[in-house]
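Step one of this worksheet: look at the structure below.
The values are calculated or read from the model by the stated rules, or taken from the named source; none is laboratory data. Being a predicted model, the structure only gives us computed values, none of them experimental. Note: ideal-geometry Cβ built from the backbone for every residue, glycine included; neighbour counts use all protein chains shown.
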Amino acid sequence: MPADWIVHALDTHGLSAPTPIASLERAAAADLMLLLDQCTAESAGELLLLCLLIRHADEPATAALVPRVLALAWETRIGHVQIEALDTASHVRSAADAETTEAIIEVLDGLHSEDLLVSTTLVDTLYIYDQIESPYSSEMISTDIAEVLAHPEAPEVYERAMGLVCGQFEDVVAAPFLSAVEALSEHDRIRLNTLAVQAEHTNFFTRILLDDLLSAGDPTALPAFLRWAGRLDIRSPFVQEEIGCHLRGILGCAAHTDTPPALLTSHSGSDAEAWRGYGEIIFWLNRPGLTPEERTDLCAPLLNRLNTELVDAAVDPLQTFYWASYSYSNPGESPLLQILHAYPAETRRILTYGLTHRDRATSLMPYPISALSNDPLIALLALVGDQSTIALLEPLREDRTFGWSAVHAVRNLKARLNG
């Protein structure tokens, strides 16, 4: 069987646990040496397989093969093979003896690539082998942080703050950034994060920092929450992150303000109005000190509007919140599930309308953001549906597009409704 077939099969099934290779017997170094001796610059599949098996063995004798694997990977001129070889070198760092470590470093020192991903991986590997030192010091970073905190209105201060915060997560330069940030008082750390999350461009850390600010419960962070409650860049390449941050902005405002903030300030029309309606419901559901009756009185007009004049626009936000709910470490804490649990009948009517009138539903988004195989309307109806929902979904069980979602939804509905 060709080696690249084996690698493809392992990669394809690598998302399940335990992964297939984890259950395999460790390959002997002598057997791997025989395979390596047959490899040339044309042996991309075999080299990928060797990388997998060497990482799985993780012992000095197999680690000793890495210098040759690295050299051959570079001769292939295939970026994916080179990255896998570099990752393998990083993986065996602790298993490699002194002689192997020296040989790996000698090979690494002679490598170069114009490919951004390959060169980044090369730098990371060199760092793991102690061949790169951070050009920064904790004193330098502390000075930059102090300047940012002293001038929060300065141009590009949000971007500077985000760079200082993100530096903690960049392996090659992380140590001085981490040291400088950890030396801050709790209040100054919140101030720095509050500036950082207001940077123009969203990244993976924006959402994490907003979660930290929500957990801190400090009103110092309110400017960041207000900014995110009013912002939603629907054309961002990280639109799911944008949505998650927008919802977190509303949650933060609910903790520190008496009335809903200005929502989606750069958007207009019925789609934006539907988003604002849901945003206000999220606000009132999370505003401390309200009785259940007071929450219902505040949310009822919003839900009525979403179910009537805004119903065509009210479907898509629930679908969009569905994708964003996966950005929560506990999806059960997502604003979407708060709405569904608080108002199952009202949301069921909207979802049912969407399922039976897909051609009428409008969207604020310029393009769909679906990332999973299941249909969000059907998946959400499984959470709030009743017996009439089962009758609605049964005919879809044989549908080529929605069959999988319908089967699972009907099964879950029957289990829930029948106790």
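Residues that are surrounded by fewer than 21 Cβ atoms within 10 Å (Cβ to Cβ) and under 16 Å from HIS341 (Cβ atoms) within segment 291-306 comprise PRO292, ARG295, THR296, listed in sequence order. Residue check: is CYS39 over 15 Å from ASP87 (Cβ atoms) and either modelled with pLDDT of 90 or more or among the polar types (S, T, N, Q) (or both)? Here the answer is yes, as CYS39 does meet what is asked. Does ARG276 satisfy being free of Cβ contacts under 8 Å to residues at least 24 places away in the same chain and buried (at least 17 other Cβ atoms within 10 Å of the Cβ)? Judged against the criteria, ARG276 is a match.
Inspect segment 175-190 for any residue being closer than 26 Å to ASN286 by Cα, at pLDDT 95 or above and surrounded by 15 or more Cβ atoms within 10 Å (Cβ to Cβ) and give the result as yes or no.
Among the residues of segment 175-190, at least one is closer than 26 Å to ASN286 by Cα, at pLDDT 95 or above and surrounded by 15 or more Cβ atoms within 10 Å (Cβ to Cβ), which makes the answer yes.
Is there a residue in segment 156-167 that is exposed (fewer than 14 other Cβ atoms within 10 Å of the Cβ), under 29 Å from the mean Cα position of the chain (by Cα) and either of a type outside the set (S, T, N, Q) or part of a helix (DSSP H, G or I) (or both)? So far as segment 156-167 goes, yes, one or more of its residues are exposed (fewer than 14 other Cβ atoms within 10 Å of the Cβ), under 29 Å from the mean Cα position of the chain (by Cα) and either of a type outside the set (S, T, N, Q) or part of a helix (DSSP H, G or I) (or both).
The set of residues in segment 191-219 being part of a helix (DSSP H, G or I), touching a residue at least 40 places away in the same chain (Cβ under 8 Å) and under 16 Å from LEU149 (Cβ atoms) consists of ARG191, LEU192, LEU195, LEU209. Screening segment 307-318 for residues that are over 13 Å from LEU340 (Cβ atoms) and of a type outside the set (D, E, K, R) and picking the one that is surrounded by the most Cβ atoms within 10 Å (Cβ to Cβ) gives ALA314.
Let's see how each residue does on (1) in a helix (DSSP H, G or I); (2) touching a residue at least 40 places away in the same chain (Cβ under 8 Å); (3) in contact with a strand residue (DSSP E or B) (Cβ under 8 Å, 6 or more places away or on another chain):
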position: LEU290; (1), (2), (3): no, no, no
position: GLU294; (1), (2), (3): yes, no, no
position: ASP297; (1), (2), (3): yes, no, no
position: ALA300; (1), (2), (3): yes, no, no
position: ARG305; (1), (2), (3): yes, no, no
position: GLU309; (1), (2), (3): no, no, no
position: PRO317; (1), (2), (3): yes, yes, no
position: THR320; (1), (2), (3): yes, yes, no
position: SER325; (1), (2), (3): yes, no, no
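Restricting LEU53, LEU65, LEU36, LEU49 to residues that are in contact with a Lys or Arg (Cβ under 7 Å, 6 or more places away or on another chain), of a type outside the set (D, E, K, R) and over 20 Å from LEU116 (Cα atoms) narrows the list to LEU36. Residues in segment 220-242 that are in a helix (DSSP H, G or I) and not charged (D, E, K, R): THR220, ALA221, LEU222, PRO223, ALA224, PHE225, LEU226, TRP228, ALA229, GLY230, VAL239, GLN240. Of the helices (runs of 4 or more DSSP H) lying entirely inside segment 60-138, those carrying at least 2 residues that are over 33 Å from the mean Cα position of the chain (by Cα) and surrounded by 14 or more Cβ atoms within 10 Å (Cβ to Cβ) are 60-63, 66-76, 98-109.
Is it the case, given these coordinates, that ASN374 is closer than 28 Å to GLN240 by Cα and either part of a helix (DSSP H, G or I) or without any contact (Cβ under 8 Å) to a residue 24 or more places away in the chain (or both)? No: the conditions fail for ASN374. Can you tell me which residue within segment 371-409, out of those that are more than 20 Å from ILE350 (Cβ to Cβ) and among the aliphatic types (A, V, I, L, M), is surrounded by the most Cβ atoms within 10 Å (Cβ to Cβ)? Per the stated criteria, the residue is VAL407.
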